[in-house]
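Beneath this line is the structure, given in structure tokens, with notes to follow.
The values are calculated or read from the model by the stated rules, or taken from the named source; none is laboratory data. Quick caveat, the model's predicted, so the values are computed rather than measured. So basically every Cβ, Gly included, is an ideal-geometry build from the backbone, and we count neighbours across all protein chains shown.
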Amino acid sequence: GAGVSQSPRYKVAKRGQDVALRCDPISGHVSLFWYQQALGQGPEFLTYFQNEAQLDKSGLPSDRFFAERPEGSVSTLKIQRTQQEDSAVYLCASSSRGLGREDTEAFFGQGTRLTVV
Amino acid sequence: GQNIDQPTEMTATEGAIVQINCTYQTSGFNGLFWYQQHAGEAPTFLSYNVLDGLEEKGRFSSFLSRSKGYSYLLLKELQMKDSASYLCAVRDTGNTPLVFGKGTRLSVIA
């Protein structure tokens, strides 16, 4: 597709349940980012991939959060034993690497709204 | 550490001009971005500044002063559809993750 695609758009999970959120970046984009956005707040960085390598996971809030991008394209963010504080929108963004202003732009997906009940 | 500040909310009248300020303190600097985000939607790119000065793009302009750690987004001829959150974000170095401010929620009223 032309843009970043995320699925599912909405997910309701019972507390303690594991969830997996999927991100399909723009084809050919090297970099992929996951952000968490609470209601009324700006996106907070979670983790960053360059191709299949996870270069920065400093934003993951706990060891219940795990992300992977095994073939350097699609990425999955997994949250184990979900808690109510995990309720948020999870945004994925991708960008190409190169020179020029356009290449530094990150394109965002519409996000997955996770509600933990 | 990294800190990005912008006002939480602003209200402006249709047809008017509004300026949304952003101040930042980061360890490095490789560009400042403004994104627009309508409720329930993805952030969409508005502008990018890496050098000091004003960048104009239609009704939207963005200004940067690196020495002051300051930027603003200027919206002219406001339309109702401009009601949205405006996110200021800074890239530290290279192609590293953007650090976002909390966003400014702009309400355009008739």
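Just to be sure I understand the filter: pairs with C-beta atoms under 7 Å, separated by 6 or more residues or on different chains, first member in region A:44-57 and part of a loop (DSSP other than H, G, I, E, B), second member at pLDDT 90 or above and of a type outside the set (Gly, Ala, Ser). Which pairs pass? Filtered contacts from region A:44-57: A:GLU52/A:ARG69; A:GLU52/A:PRO70; A:GLU52/A:GLU71; A:LYS57/A:THR47. Which residue pairs have Cβ atoms closer than 9 Å, lie 6 or more positions apart in sequence or on different chains, and pair a first residue in region B:28-40 that is within 10 Å of another protein chain (Cβ to nearest Cβ) and surrounded by 18 or more Cβ atoms within 10 Å (Cβ to Cβ) with a second residue that is among the β-branched types (Val, Ile, Thr) and assigned to a strand (DSSP E or B)? Filtered contacts from region B:28-40: B:GLY31/B:VAL90; B:PHE33/B:VAL90; B:TYR35/B:THR44; B:GLN37/B:THR44. Residues that are of a type in the set (Gly, Ala, Ser) and away from chain B (no Cβ under 14 Å) within region A:41-74 comprise A:SER62, A:GLY72, A:SER73, listed in sequence order.
The residue that is nearest to the other protein chains (Cβ to nearest Cβ), among those in region B:57-110 that are touching a residue at least 60 places away in the same chain (Cβ under 8 Å) and among the aromatic types (Phe, Trp, Tyr), is B:PHE100.
Of the residues examined, B:LEU54 is one that is more than 11 Å from chain A (Cβ to nearest Cβ), aliphatic (A, V, I, L, M) and exposed (fewer than 15 other Cβ atoms within 10 Å of the Cβ).
For region A:14-58, the candidate set comprises residues that are small (Gly, Ala, Ser) and surrounded by fewer than 17 Cβ atoms within 10 Å (Cβ to Cβ); within that set, the residue that is farthest from the chain's Cα centre (by Cα) is A:GLY16.
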